[in-house]
Amino acid sequence: QGEPVFANPRNAAAGSLRQLDSKAAAGRGLSLFIFSLQNEEDFSLATHGEILRYLKSLGFPVLPFSVVTGEEALSAITALGESRGDVDYAIDGAVLAVDALALRRQLGSTARAPRWSVAYKFPAEEKKTRLRAITIQVGRTGVLTPAAELEPVRLAGTTVSKASLHNEDFIAERDIRVGDMVWVRKAGEIIPEVIGVERKERPEGTVPFQMPKSCPSCGEKVRRMEGEAATRCVSPECPAQLLRGVEHFASRQAMDIEGLGPALVQSLHEHGLLQTSAADLYYLEKEDVAALPRMGPKAAQNLMDGIEKSKTRPLSRLLVALGIPQVGQKAAYVLAQTFPTMDALCAAGREELAQVPDIGPITADNIVSWLDSEPAKHMLARLAQAGVNMTEPVVESPSGGALAGKTVVITGTLPGMTREEAAERVVLAGGQVSSAVSKKTNFLLAGEKAGSKLAKAEKLGIPVISFETFLQMLEEEPTNS
Ligand SMILES: [Zn+2]
């Protein structure tokens, strides 16, 4: 029906039930098994077996079950596991439960689960199939990832024709070759992976796998860095990286542009509407979009609306969208709270960034070199010009705390507390943490080996307090000054 395929049966069922339109959910062809009765006390039933038989007599579908002794339990589970291929639904395990309801009530439950039942998970299902080809995908950061193209095989309730091969070393260690019969494993929702080769069945004429020397997307030479498993395309003008980058930019945790999926990104690129960066999105003309295959005026308007709406996302989302190495959702949020405008962030130096909780020196380096690069500067300028929001609403500190309205700078080594923990305490007490000493600083919390910040505070006449004093201040009543 032209809609994306669900990753697995569980997502299909959960996604269908979440549909707002119950008719749409009904149309998905879901079925169910009933396995318990909520108000069992209201029925004069003594065991779970009786409950299931009663439900069945009412016409409810009930899963096959057996009542066994402790000694028989394991062989019953094994038998169930062996029957997995014979039923038309996926089974990932068995539940072992106490049958007598009176005993269950006696056993009770912990905060998280009943004490009278335990789940047994079958090992991940493995099957053998032919490896037809190894294809290479180029990711957003230029990493080349090999994927296995398989002769389709039924595995854990789904048909598998693609599986992960991780990286070059993974393939070399197992000597996986195109044409081999390979073992494929899939556990629940995990992406299927090739785990090994059936050597006895290797056909003649196979050759060891070699990573391509050039990028399958742009043709530039690829590189493998010392000590890294990944092979990368480092070309700044690689279409695959551009497309994956734009998909990431538009994704839900980033700028959340509705309706802009991989197929449309590809189409925009193929028709010359997406050439340099995600900033191109904000310069699209509705007529051009409408003229794309399978689009039309209505779909084009929806996309334009989605793009327009994305202009108002807070800075933290934009930071996620930019795809700066090691800047995920959490780091982006902390950065935007500390530097609530893009200008402030761009003006921050390595040391200042490294002081921010959760941002280490490596991430700080990544941020600075990313923001300093010409393509990034160009992209940010075009985003700003298009009216994309570059500010973050800063969360108000609780008023009335012991440090309400105070700006604190923390430096040096504190006894028994990291600087990040101390910063958290400041925020919880209603204060603000700043990374640099200025005239606006109310006081400097200085631990052991305090350096240039201490000198600067003394020069500016900013009060310097010890860790002990800091702890006392946190205990004190709110100040009114
Ligand atoms: Zn490339």
Given the condition outside the structural domain of Pro192 (by TED's automatic domain parsing), in contact with a strand residue (DSSP E or B) (Cβ under 7 Å, 6 or more places away or on another chain), modelled with pLDDT under 90 and aliphatic (A, V, I, L, M), answer yes or no: does some residue in the stretch 78-93 qualify? yes
Considering the stretch 186-229, residues that are in a loop (DSSP other than H, G, I, E, B) and among the β-branched types (Val, Ile, Thr), and then whichever is most open to solvent (accessible area, probe 1.4 Å), we arrive at Ile191
If we keep only residues of the stretch 167-178 that are open to solvent by 50 Å² or more (accessible area, probe 1.4 Å) and in contact (Cβ under 8 Å) with a residue 40 or more places away in the chain, then the residue nearest to Arg223 (Cα to Cα) is Glu168
Considering residues that are surrounded by 13 or more Cβ atoms within 10 Å (Cβ to Cβ) and either assigned by TED's automatic domain parsing to the domain that holds Ala156 or more than 24 Å from Ile91 (Cβ to Cβ) (or both), the number found within the stretch 35-49 is 3
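Residue-wise test of (1) within 21 Å of Ile367 (Cα to Cα); (2) open to solvent by 40 Å² or more (accessible area, probe 1.4 Å); (3) part of a loop (DSSP other than H, G, I, E, B).
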position	(1), (2), (3)
Leu243	no, no, no
Ala254	yes, no, yes
Ala263	no, yes, no
Gln266	no, yes, no
Val320	yes, no, no
Ile324	yes, no, yes
Ala332	yes, no, no
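Of the residues Ala229, Ala254, which single one is aliphatic (A, V, I, L, M), away from the ligand (no atom under 16 Å from the Cβ), touching a helix residue (DSSP H, G or I) at 6+ places or on another chain (Cβ under 6 Å) and over 30 Å from Pro9 (Cα atoms)?
Checking each option against the conditions leaves just Ala229.
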Given the conditions (1) at positive phi; (2) without any contact (Cβ under 8 Å) to a residue 60 or more places away in the chain, every one holds for Ala156 apart from (2)
Q.
Going by what's in this entry, would Glu392 be described as touching a residue at least 12 places away in the same chain (Cβ under 8 Å) and either under 25 Å from the mean Cα position of the chain (by Cα) or surrounded by 21 or more Cβ atoms within 10 Å (Cβ to Cβ) (or both)?
A. yes
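Yes or no, residue by residue, for (1) open to solvent by less than 70 Å² (accessible area, probe 1.4 Å); (2) among the aromatic types (Phe, Trp, Tyr):
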| residue | (1), (2) |
| --- | --- |
| Leu20 | no, no |
| Phe33 | no, yes |
| Arg53 | no, no |
| Ser66 | no, no |
| Ile91 | yes, no |
| Ala94 | yes, no |
| Arg104 | yes, no |
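The rows are residues; the columns are (1) more than 24 Å from Ala450 (Cα to Cα); (2) touching a Gly at 6+ places or on another chain (Cβ under 9 Å); (3) open to solvent by less than 40 Å² (accessible area, probe 1.4 Å); (4) among the acidic types (Asp, Glu).
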| position | (1), (2), (3), (4) |
| --- | --- |
| Ala344 | yes, no, yes, no |
| Glu351 | no, no, no, yes |
| Gly360 | no, no, yes, no |
| Asp372 | yes, no, no, yes |
| Ala376 | yes, no, yes, no |
| Arg382 | yes, no, no, no |
| Ala402 | yes, yes, yes, no |
Filtering the stretch 287-315 down to residues that are open to solvent by 70 Å² or more (accessible area, probe 1.4 Å) and over 22 Å from His248 (Cα atoms) yields Glu287, Asp288, Ala291, Arg294, Pro297, Lys298
Among Thr141, Thr145, Thr159, the single one that is surrounded by fewer than 18 Cβ atoms within 10 Å (Cβ to Cβ), within 16 Å of the ligand (Cβ to nearest atom) and part of a strand (DSSP E or B) is Thr145
Note on the stretch 202-217: residues within 14 Å of the ligand (Cβ to nearest atom) and in contact (Cβ under 8 Å) with a residue 40 or more places away in the chain are Met211, Pro212, Cys215, Pro216, Ser217
Going through the stretch 106-125 in order, the residues found to be of a type in the set (Gly, Ala, Ser), open to solvent by 40 Å² or more (accessible area, probe 1.4 Å) and under 31 Å from the mean Cα position of the chain (by Cα) are Ala111, Ala113, Ala119
Does the stretch 85-93 contain at least one residue that is in a helix (DSSP H, G or I) and closer than 26 Å to Thr158 by Cα?
yes
Exactly one of Arg154, Arg224 is at pLDDT below 95 and within 16 Å of the ligand (Cβ to nearest atom), and that residue is Arg224
Among Gln301, Gln241, Gln329, the single one that is in contact (Cβ under 8 Å) with a residue 24 or more places away in the chain and away from the ligand (no atom under 16 Å from the Cβ) is Gln329
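The values are calculated or read from the model by the stated rules, or taken from the named source; none is laboratory data. Remember, it's a predicted structure, so these values are computed and weren't measured experimentally. In this analysis, Cβ positions are derived from the backbone assuming ideal geometry, glycine residues included, and neighbour counts consider all displayed protein chains. The accessibility values were calculated without ligands, DNA or RNA, using every heavy atom of the protein model including side chains. Shrake-Rupley method; radii C 1.70, N 1.55, O 1.52, S 1.80 Å.
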